[in-house]
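What follows is a set of notes on a single structure, which appears directly below.
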């Protein structure tokens with residue numbers, strides 16, 4: 001028997017792109033899982049949510065390229081899981097994009 005005392009578990013890189021894989025992981029962990037996938041061989045993050053958490057999702061932003069998940073919880077909390085690019089040429093644009101998203105979506109004073 002497992003005893004879960006966590007609220008969230010963050011995974012990256014996470015290489016699944018098929019919905020069947022997501023269903024399998026969700027059923028195996030018996031938890032809600034937020035996925036952000038790209039391809040079977042590149043990028044991807046996920047967050048496993050404890051069902052006993054008192055925090056409720058208000059909104060979730062998922063990167064179509066599997067680089068990040070931004071979830072706003074209740075009024076005061078947010079979670080972010082980022083798998084940044086390792087290509088130095090892409091890093092400035094990626095950081096700008098994620099920074100703008102965080103400023104727009106979240107109450108950054110409480111981040």
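Every number in this text was worked out from the coordinates using simple rules, so none of it is lab data. Since the model is a prediction, treat every value here as computed from it, not as a measurement. Don't worry about glycine lacking a Cβ; one is built from the backbone with ideal geometry, like all the others, and counts go over all protein chains shown.
On the beta carbon distance between residue 59 and residue 91, with R0 = 30 Å, the FRET formula returns roughly 0.70. Of the residues 9, 69, the one with the fewest other Cβ atoms within 10 Å heads the list, and the complete ranking is 9, 69.
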